[in-house]
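Q: Handing you a structure now.
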Amino acid sequence: MSGKNQAETMSTDRYPFREVEAKWQRIWEERKQFQVTEDPARPKFYCLEMFPYPSGRIHMGHVRVYAIGDLLARYKWMRGFNVLHPMGWDAFGLPAENAAIEHGVHPAIWTYENIDYMRTQLKKMGISYDWSREVTTCDPSYYKWEQLIFIKMFERGLAYRRRSTVNWCPSCQTILANEQVEDGRCWRCDSEVTPREIEGWFFKITAYADELLAWCDRLPGWPERVMTMQRNWIGRSEGAEFDLPVVGRPGLKVRVFTTRPDTVFGMTYAVLAPEHPLVDQLIADERERAAVAAFRADVARESEIDRLAADRPKRGLRLSAQVVNPFNNAEIPLFIANYVLMGYGTGAIMAVPGEDQRDWEFATQQGLPIIETVKRPPDWTGEAYTGDGLKINSGFLDGLTITEAKRKAIDWLVARGLGEGKINYRLRDWGISRQRYWGAPIPILYCDRCGMVPEKEENLPVVLPRNVQLSGKGGSPLADVAGFVNATCPRCGGRARRETDTMDTFVESSWYFFRYCSPSYDGGMFERAAAEYWMPVDQYIGGIEHAVLHLLYARFYTKVLRDLGLTKADEPFLALLSQGMVIKDGAKMSKSKGNVVDPDDLIRNFGADTARLFSLFAAPPEKDLDWNDHGVDGGSRFLNRVWRFVVAHLEEIRVAPIDGGVAPTTEEGKAFRRVIHDTIARVTADIERDFHFNTAVSAIMELINALYAFEQASLDGMPGSERGALLREGVETALLLLGPFCPHVTEELWAQLGHGESLFRGRWPEVDPAALAKNEVTVVVQVDGKVRSRLTVDVDATEDDVRRLALADERVKPWVTTNQVARVVVVPNRLVNIVTRR
RNA sequence: GCGAGAGUGGCGAAACUGGCAGACGCGCUGGACUUAGGAUCCAGUGGGCGGAUCGCCCUUGGGGGUUCGACUCCCCCCUCUCGCACCA
């Protein structure tokens, strides 16, 4: 039987979730309940989930992340915060353009239709967004400000154009930034990336490398995992840079970078990257030219095939030229080799095989000498030695520690003007040029007379033209739009040509969280006062796949905005929650695997509350979530159980006294009230402490189970007023605690109980310490670490009392009579361990 | 290779600073109510053993250790996931 029919036949047994959910979604919207304004009198909370790319439909990953975000937002509402919880669309991007090429739909139409559909989907989830702040990044009123910032960055040298070797995706027909290449493949389409020499625009993120790195230690709300990935990506290393003069070629020098300037006396050769520009000048004759060309071709081909191989064999070609080690004037051989990369440092190294494993391997293979410059420990065996020790065979550095020798070697270089201390980063500048149509135009013009000129501010935005031929054949489509390309120079008024590359879509997502603060402000990127009130984001939630992409770019862009004087924020996101993937049958959901669960079906058959409940219950948020249709049934069953209980007791609860610290007189009453307040403590701690919503849900389930049990237990012997008051306190507490998880069903039941105000205007319940107080506790009695009995004792019983009771216990006796008691450990209110002599 | 994280029932998972392992849910088994039920309710459910409404033994990837006591702390090993991968 199909899922739909199943739902139809069973619907009579379920609470009317369709009506309830539609009703409250309508009421929240009519009341503008989640629209917010700045209110200095209240503490603010900016809760943000990564906005989606409007690909067409939401998927279960979206359901999960938005359920988490809404839970936190509603929880903070209930705690009295002024909560900003916005939503928008990361609307530029390649899929729209590809759809246009395949189906002939204009990217704008495709995008806006997708947005309309996905908006209705999100509204059916009942998330507490302030929809009046919706932002769409492909709207000129949005990217206008991005263009303005681009110009300011251009003026400050933070945006610049240069020719360089870039990552080219042959399938997407565009450049990719380094961060957008994973294992040599395009992050979006998985095609193999090839190097290409091209002109393009860059953002100077390397100027912020140090600050980006430093703040990795100052954001305790971020997962360590993400920070480690960012630190590695930035890849700071300290060392020295200096020149090795080429023998017999005055003026020619090889500049090398090393992190081990202490080892300079162990340098027995030097290596250039094969594509190093100096190589051509060093070639002695045609024979060598041919050898170099052949070697380069070889390496280029090899790097295509073996890029991912763990241990690529090191191969090199000895050049006829030699260089001089300035420290001891030794003339040493010079190689080009595949293990030196042009993209890092200076593209050239001094080789110290004694203390570098890579150099050791190469030297051994080539029969080059190896000099040890660090004293090995006596029992040490191995190849290159990278440990601590005193310097040997190192001239004026002998006897120093490595740290001392590094400093002294650098001083020596500086004193002679041969080199300097240097910090290198793995991080490269962010290449933002895209040779595609569906992106924000770069507001630069090329004038024959004035050269590269930014568009005038009053002429912004540079609007992306609507009429364009999209072939997917390569080359920027804008280059073919005459009306766009041909323009007048903002400086001299003469003829000029517009830049036809568009910006990487990661630029839009680098500041959208600022725009939400004042989404329709037309005096700038954002209104200063609004941003100062709301920023930074208090809790950001999104997938781990952006650990170094979006999250690093957004941090950089925020620092740029700060340095332009637009904001005081140093960092955009105070805390980050990285949620895991949604998987099913052991694999990520995908059409090709046929394991996709469609949120529309799910919401139609079970309701949004059930979909959200299961997303939050099945696993803690940072872990992958294993989707299970039976588990969804369980969530649905639970909500029906809540519904039935409350509806069955509406009258009794409505007339009951409001809890307000009514002290129960019966044991059952006290025990039940303890469960209520224990649940409040557990749920609050689970949300606040570590986002463990799954255990929070199980605590609420236990409370509902306890309500059913209490209802039975209280039928005879308990005063009606006590029963009513406790039922009321139990039910209302359960609804309040469950509210952020399942807002519709709880809001409806809350109203049916006679409350005029929204549940989410209510107060998060407080723990009454008196309710938790106990007279008696169960103490476990162990003999030699094994549980043998349990005792019920007064909470204030002395250790001696407990020890005596434990030793006298009938179930304990058989285990101790034949032995002698060596020791008795008493942990107050917990356990007794009787240790015997064996 | 380097770095980070994780290994707990048939399954998803709990267990705060060392103190009753397996909460909660799924699934399964039995029962009740039913024309029927995959609805609802009740009971049971880590494995093994036993003269079975009670009790014993074993059990948190494997092996050692610290401790009265270890899923938790320390050492070694195995497996898996993720990130980086000749970064000088």
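The values are calculated or read from the model by the stated rules, or taken from the named source; none is laboratory data. Note that this is a predicted model, so its numbers are computed, not measured. Reconstructed Cβ throughout: ideal geometry from the backbone, glycine too, with neighbour counts over all protein chains shown.
One line per residue, one yes/no per condition, for (1) within 30 Å of A:ALA773 (Cβ to Cβ); (2) among the β-branched types (Val, Ile, Thr); (3) crowded, with 20+ Cβ neighbours inside 10 Å:
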residue: A:PHE606; (1), (2), (3): no, no, yes
residue: A:PRO620; (1), (2), (3): no, no, no
residue: A:LEU639; (1), (2), (3): no, no, yes
residue: A:LYS670; (1), (2), (3): yes, no, no
residue: A:ASP678; (1), (2), (3): yes, no, no
residue: A:ALA685; (1), (2), (3): yes, no, no
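Q: Can I ask one more? Which residues, counting only those in segment A:341-357, are under 18 Å from A:GLY235 (Cβ atoms) and over 34 Å from the mean Cα position of the chain (by Cα)? I'd like the intermediate steps shown before the answer.
A: Residues of segment A:341-357 under 18 Å from A:GLY235 (Cβ atoms): A:341-347, A:349, A:356.
Passing the criteria: A:ILE349, A:ASP356.
Q: Being touching a residue at least 24 places away in the same chain (Cβ under 8 Å), touching a strand residue (DSSP E or B) at 6+ places or on another chain (Cβ under 8 Å) and not hydroxyl-bearing (Ser, Thr, Tyr) is true for just one of A:ASP609, A:ASP624, A:ASP678, A:ASP601. Which residue is that?
A: Going through A:ASP609, A:ASP624, A:ASP678, A:ASP601 in turn, just one is touching a residue at least 24 places away in the same chain (Cβ under 8 Å), touching a strand residue (DSSP E or B) at 6+ places or on another chain (Cβ under 8 Å) and not hydroxyl-bearing (Ser, Thr, Tyr): A:ASP624.
Q: Taking the residues in segment A:301-335 that are under 19 Å from A:GLU182 (Cα atoms) and of a type in the set (Gly, Ala, Ser) as candidates, determine which candidate is modelled with the lowest pLDDT.
A: A:ALA310
Q: Continuing with this model, one more query. Just to check your reading of the model, which residue among A:ASN829, A:ASN833 is within 12 Å of RNA strand B (Cβ to nearest atom), at positive phi and surrounded by 13 or more Cβ atoms within 10 Å (Cβ to Cβ)?
A: A:ASN829 is the lone residue from the list that is within 12 Å of RNA strand B (Cβ to nearest atom), at positive phi and surrounded by 13 or more Cβ atoms within 10 Å (Cβ to Cβ).
Q: Inside segment A:619-659, can you point out the residues that are near RNA strand B (Cβ under 10 Å from one of its atoms) and part of a loop (DSSP other than H, G, I, E, B)?
A: A:ALA619, A:PRO620, A:PRO621, A:GLU622, A:LYS623, A:ASP624, A:TRP627, A:ASN628
Q: Taking the stated definitions as given, is A:LEU341 within 11 Å of RNA strand B (Cβ to nearest atom), in the same structural domain as A:ASP388 (by TED's automatic domain parsing), surrounded by fewer than 21 Cβ atoms within 10 Å (Cβ to Cβ) and touching a residue at least 40 places away in the same chain (Cβ under 8 Å)?
A: yes
Q: Considering each of A:SER141, A:SER132, A:SER128 in turn, give the residue that is surrounded by fewer than 19 Cβ atoms within 10 Å (Cβ to Cβ), under 30 Å from A:ILE603 (Cβ atoms) and in contact (Cβ under 8 Å) with a residue 40 or more places away in the chain.
A: A:SER132
Q: Could you list, in sequence order, all residues of segment A:344-367 that are within 7 Å of RNA strand B (Cβ to nearest atom) and part of a helix (DSSP H, G or I)?
A: Across segment A:344-367, the qualifying residue is only A:ARG358.
Q: If you take the residues in segment A:180-201 that are at pLDDT 80 or above and closer than 23 Å to A:PRO441 by Cβ, which one is surrounded by the fewest Cβ atoms within 10 Å (Cβ to Cβ)?
A: Ranking the qualifying residues of segment A:180-201, first place goes to A:GLU199.
Q: Scan segment A:545-594 for residues that are surrounded by fewer than 16 Cβ atoms within 10 Å (Cβ to Cβ) and at pLDDT below 85 and jot them down.
A: The answer is A:GLU545, A:ASP585, A:GLY586, A:ALA587, A:LYS588, A:SER590, A:LYS591, A:SER592, A:LYS593, A:GLY594.
Q: With the checklist (1) more than 41 Å from the chain's Cα centre (by Cα); (2) away from RNA strand B (no atom under 14 Å from the Cβ); (3) assigned to a helix (DSSP H, G or I) in hand, flag the one item A:ARG803 doesn't pass.
A: It fails just one condition, (2).
Q: Pick from segment A:775-792 the residues that are more than 8 Å from RNA strand B (Cβ to nearest atom) and loosely packed, with under 12 Cβ neighbours inside 10 Å: which of them is nearest to A:ALA806 (Cα to Cα)?
A: Applying the filter and picking the extreme gives A:THR792.
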